[in-house]
Amino acid sequence: MNKIEGNRPGQTNGKPKRVTILQVAADAGVSFAAVSKVLRNAYGVSESLRERVNASIKKLGYTPNTAARGLRGRSFVVGVVFPDMRNPFLADIFAGISAGFERTPYQAVQGIASQSNERDLTQAMIDMQMDGLILVSSSLSPEQLTDLGSRIPAVAIGNRPLVETTFDTVNNNDEQSGRLVVQHLAKQGAERIAMLSLEHPTAMRMRESGYRHEMEAQGLSAYINIARTEQTPRGIYGGMEKLLESRPQALFCWCDAVAFEAISHARSNGLRVPEDLAIVGHDNTVYCALDQNSLTSVDQSGEQIGTHAARLLVERFEGRIETEQILLQPRLVVRRSSTLDG
């Protein structure tokens, strides 16, 4: 005989019943308004109140109803658009963004866009009532970014507008990156210093500018050599082949992932690193410090970039109108790939 059981307490039709803000308030011994302020990260909330409310949220398993929030004009969700996720530096940025939202009610969700569909993806995120956007190495034009910033709070990473615009930015001083690399390599005695750059015109143009200016400052104008490639194995291989024809003494790569490929390619061509070819990357991702890589790299602190981007969005949500552009200063971390003393 089959036994028919009724719903257990806290369940409706066999499904767990959603915990409400009122239940959180009752458990914490505070008002509905107090819980709401904590969830909104409102100004003036004391640390003791925040801890009490968060303890009850964790205890009861409360999760915000984002659909209902959307109907009230706020979803507490931020969209983050990446061009790729195979580069570990982009994962560092996302970790920083997530850390930046930790003490707020906001959550970050990510999407990956190619140059052809980035506009469609950002529009889809707006249609889903996300509160703001963070765009990393965006392929959108300055006009498209300006239009986007006029419709939704937005932060661009890896995009430095030359004039006042509608969106905030967080960037590494990429021109200084190029200068630091050339200064280091020239100090090692290298003259024929080449650069493997990216075809897509993002922060790479600023890195190229720093490389050119420092080569000129070092009296090495005759050896300026830049190869721009697509971010594909075939493109990187072609760029390396082109540069190796000029027999460079040193190579500056636009990111660490490409620098690792360059090391492999150089060794497969019988070149010793760094004795025959010194190699420098950019981003100082976690794999650089591994002994088998020991890659010299420019540190632009991806997590710090992400944390700043999250903070700028929260400030926008809280009413800031003025545009802010943050420029972080890089540093060079020297390892064996560029010097025998590394």
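The values are calculated or read from the model by the stated rules, or taken from the named source; none is laboratory data. In this text, all values refer to a predicted model and were calculated from it rather than measured experimentally. Positions of Cβ are generated from backbone atoms using ideal geometry, with glycine treated the same way; all protein chains shown enter the neighbour counts. Only protein heavy atoms, including side chains, enter the accessible area calculation; ligands, DNA and RNA are left aside. Shrake-Rupley method; radii C 1.70, N 1.55, O 1.52, S 1.80 Å.
Take every Cα pair under 8 Å whose residues are at least 6 apart in sequence, average their separation, divide by the length of region 21-171, and the relative contact order is 19 percent. Taking 0.36 nm per residue of separation and subtracting the current Cα-Cα distance, fully stretching the chain between residue 230 and residue 127 would add 33.9 nm.
Only one residue of 158, 194, 138 has its Cα farthest out toward the positive end of the dipole of region 104-214, where Lys and Arg carry +1 and Asp and Glu -1 on Cβ, and that residue is 194. Each residue of region 321-327 was assigned a 3J(HN,Hα) from its phi angle through the Karplus expression (A = 6.51, B = -1.76, C = 1.60, θ = phi - 60°), giving 10, 5, 6, 10, 10, 9, 10 Hz with x at Gly and Pro. Each residue of region 272-288 was assigned a 3J(HN,Hα) from its phi angle through the Karplus curve 6.51 cos²θ - 1.76 cosθ + 1.60 (θ = phi - 60°); the sequence is 8, 10, x, 4, 9, 8, 7, 10, 10, x, 8, 2, 6, 6, 4, 6, 4 Hz, with glycine and proline shown as x. Charges were assigned to the Cβ only: +1 to each Lys and Arg, -1 to each Asp and Glu. The resulting dipole of region 157-298 about its Cα centre is roughly 280 debye. Note: relative contact order over the chain, using C-alpha pairs below 8 Å and six or more positions apart, is 17 percent.
For region 172-330, what's the relative contact order in percent, using C-alpha pairs closer than 8 Å and at least 6 residues apart? RCO, region 172-330: 23 percent.
Taking amide H as placed 1.01 Å from N in the peptide plane, residue 172 has its amide H under 5 Å from the amide H of 158, 328, each at least 5 places away in sequence or on another chain.
Taking amide hydrogens as placed 1.01 Å from N in the peptide plane, the amide H of residue 108 sits under 5 Å from those of 78, each at least 5 positions away in sequence or on another chain. Evaluating 6.51 cos²θ - 1.76 cosθ + 1.60 at θ = phi - 60° for every residue in region 22-36, the Karplus couplings come out as 4, 5, 4, 4, 5, 5, 7, x, 10, 7, 4, 4, 5, 5, 4 Hz, glycine and proline recorded as x. Where the alpha-carbon atoms of the chain are placed on the principal axes, they occupy 80, 57, 40 Å, in descending order.
What shape does region 53-152 take by its C-alpha gyration tensor, where a ≥ b ≥ c are the square roots of the eigenvalues and a/c under 1.5 counts as rounded, a/b above b/c as prolate, and the rest as oblate? In terms of gyration-tensor shape, oblate.
The residues of the chain expose, per residue, 51 Å² of accessible area to a 1.4 Å probe. In region 219-317, the portion of solvent-accessible area held by carbon and sulfur atoms comes to 46 percent [1.4 Å probe, whole percent, DNA, RNA and ligands not counted].
Relative to the dominant Cα principal axis of the chain, helix 88-100 is inclined by about 30°. For the chain, a crude dipole built from +1 on the beta carbon of Lys and Arg and -1 on the beta carbon of Asp and Glu, taken about the Cα centre, is about 1480 debye to the nearest 20. Taken over the chain, lysine pairs spaced eight or more positions apart, or on distinct chains, with alpha carbons under 28 Å apart number 10.
Calculated FRET efficiency, residue 323 to residue 58, Cβ-Cβ distance, R0 = 41 Å: about 0.65 to the nearest 0.05. Database remark: amide H of residue 228 closer than 5 angstrom to the amide H of 197 (H placed geometrically; neighbours at sequence offset of 5 or more, or on other chains; Pro and chain starts carry no H). For the peptides 286-293, 318-325, 243-250, 116-123, residues were scored by their other Cβ atoms within 10 Å and the scores averaged per peptide; the highest-first order is 243-250, 116-123, 286-293, 318-325.
Rounded to the nearest 20 debye, the dipole magnitude of region 112-229 is 500 debye, with +1 charges on Lys and Arg beta carbons, -1 on Asp and Glu beta carbons, and the Cα centre as origin. In terms of the Cα gyration tensor, with a ≥ b ≥ c the square roots of its eigenvalues, is region 183-293 rounded because a/c is under 1.5, prolate because a/b exceeds b/c, or oblate? Since a/c stays below 1.5, the shape of region 183-293 is classed as rounded.
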